[in-house]
1. When you look at residue 136, is it in the same structural domain as residue 205 (by TED's automatic domain parsing) and either in contact with a Gly (Cβ under 7 Å, 6 or more places away or on another chain) or not polar (S, T, N, Q) (or both), yes or no?
2. Anything in region 146-163 that is more than 17 Å from residue 93 (Cβ to Cβ), touching a residue at least 24 places away in the same chain (Cβ under 8 Å) and either within 13 Å of the chain's Cα centre (by Cα) or assigned by TED's automatic domain parsing to the domain that holds residue 68 (or both)? List them, or say none.
3. Going by the conditions given, is residue 189 in contact (Cβ under 8 Å) with a residue 24 or more places away in the chain, hydroxyl-bearing (Ser, Thr, Tyr) and in contact with a strand residue (DSSP E or B) (Cβ under 8 Å, 6 or more places away or on another chain)?
4. Tell me which of these residue 209 doesn't satisfy, since it passes every other one: (1) modelled with pLDDT of 95 or more; (2) not in a loop (DSSP other than H, G, I, E, B).
5. Checking the condition at pLDDT 90 or above, in contact with an Asp or Glu (Cβ under 9 Å, 6 or more places away or on another chain) and outside the structural domain of residue 59 (by TED's automatic domain parsing), which residue from 168, 125 passes?
6. Is there any pair with a first residue in region 55-81 that is surrounded by fewer than 17 Cβ atoms within 10 Å (Cβ to Cβ) and outside any helix (DSSP H, G or I) and a second that is hydrophobic (A, V, I, L, M, F, W, C) and modelled with pLDDT under 95 whose Cβ atoms are under 8 Å apart and which are 6 or more apart or on different chains, and what are they?
Amino acid sequence: MTSKVDKTDEADEIDETGQAVPSDQAIPTHQAIPADQSPAPGTRRPGGRTARTRAAVRDAVLSGLSDHGYPGLTVEYVAEHSGVHKTTLYRRWGGLEGLVADALDLAGEDAWTPPDTGSLAGDLRALAREVVDAFADESRAAAPTAFIAASFQSSRAADALHAFYTERFSRCETVVARAVERGETDRDTDAAALVRAVSAPLMLRLFITREPVDTALADQSAAAVLAAARAGAFTRR
């Protein structure tokens, strides 16, 4: 969600030590990143100064959300911790909502793939356990928890979070496709509904009832979804 870099900005880019340097002195990089799917105007080169700036800003947003939550995060904090000038942040991202939304967009550009254990039962267990693992460690859970909280306070963050999980669940549909090929489930199974059902009980406890989750609960959730799938609960009518 970035626009073309204005080389007149102070502290527009980041050097090898993480210090801010003027745009015309920025050190080039050939690090490639996936194509941006964000709808904001402007252009972004795949790699180079803009990729470095966007990554530095993303890291600052994650740090701020983890330490202070959305209410305590400010553009000034992001500027200080990213080394990117505040005027650049406002011009490219439009403000705090845009910064948070783009950080989530960038998080969704990773190379994560769903587990492939060789069976639907194993894949569902592995998926459920990944959810537990992600939130069992407080240091790992801080950022995603803050993103979810931010989605209740910012419509742009809510849209970005929805897009993130929609894309994540879309990747998981290959789990059901493989199960269909192995003859483990019906070809008319609603893959999206099935994979969402695996994490639903875990998310309920994590964010609604505020109860702990563990591996046993993950396995229970996976087993319940598997039984429901075999009974036709996720078959399209």
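The values are calculated or read from the model by the stated rules, or taken from the named source; none is laboratory data. In this text the structure is predicted, and so the values were computed from the model without any measurement. We place every Cβ from the backbone using ideal geometry, glycine too, and count neighbours over all the protein chains shown.
1. Working: in the same structural domain as residue 205 (by TED's automatic domain parsing): yes; either in contact with a Gly (Cβ under 7 Å, 6 or more places away or on another chain) or not polar (S, T, N, Q) (or both): yes.
Considered against the rule, which asks whether it is in the same structural domain as residue 205 (by TED's automatic domain parsing) and either in contact with a Gly (Cβ under 7 Å, 6 or more places away or on another chain) or not polar (S, T, N, Q) (or both), residue 136 comes out as yes.
2. 146, 148
3. Working: in contact (Cβ under 8 Å) with a residue 24 or more places away in the chain: yes; hydroxyl-bearing (Ser, Thr, Tyr): yes; in contact with a strand residue (DSSP E or B) (Cβ under 8 Å, 6 or more places away or on another chain): yes.
Yes; evaluated as a whole, the condition is true for this residue.
4. (2)
5. Working: 168 fails: in contact with an Asp or Glu (Cβ under 9 Å, 6 or more places away or on another chain).
Exactly one of 168, 125 is at pLDDT 90 or above, in contact with an Asp or Glu (Cβ under 9 Å, 6 or more places away or on another chain) and outside the structural domain of residue 59 (by TED's automatic domain parsing), namely 125.
6. If the second residue must be hydrophobic (A, V, I, L, M, F, W, C) and modelled with pLDDT under 95, the pairs left are 74/96.
Residues are listed down the side, and each one gets a yes or a no for (1) closer than 20 Å to residue 63 by Cα; (2) surrounded by fewer than 16 Cβ atoms within 10 Å (Cβ to Cβ); (3) of a type in the set (A, V, I, L, M):
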position: 142; (1), (2), (3): yes, no, yes
position: 146; (1), (2), (3): yes, no, yes
position: 153; (1), (2), (3): yes, yes, no
position: 169; (1), (2), (3): no, no, no
position: 183; (1), (2), (3): no, yes, no
position: 187; (1), (2), (3): no, yes, no
position: 200; (1), (2), (3): no, yes, yes
position: 204; (1), (2), (3): no, yes, yes
position: 210; (1), (2), (3): no, yes, no
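To keep it simple, each residue is scored yes or no on (1) closer than 24 Å to residue 101 by Cα; (2) hydrophobic (A, V, I, L, M, F, W, C); (3) assigned to a helix (DSSP H, G or I).
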site	(1), (2), (3)
126	no, yes, yes
142	yes, yes, yes
149	yes, yes, yes
171	yes, no, yes
179	no, yes, yes
187	no, no, no
196	yes, no, yes
205	no, no, yes
218	no, yes, yes
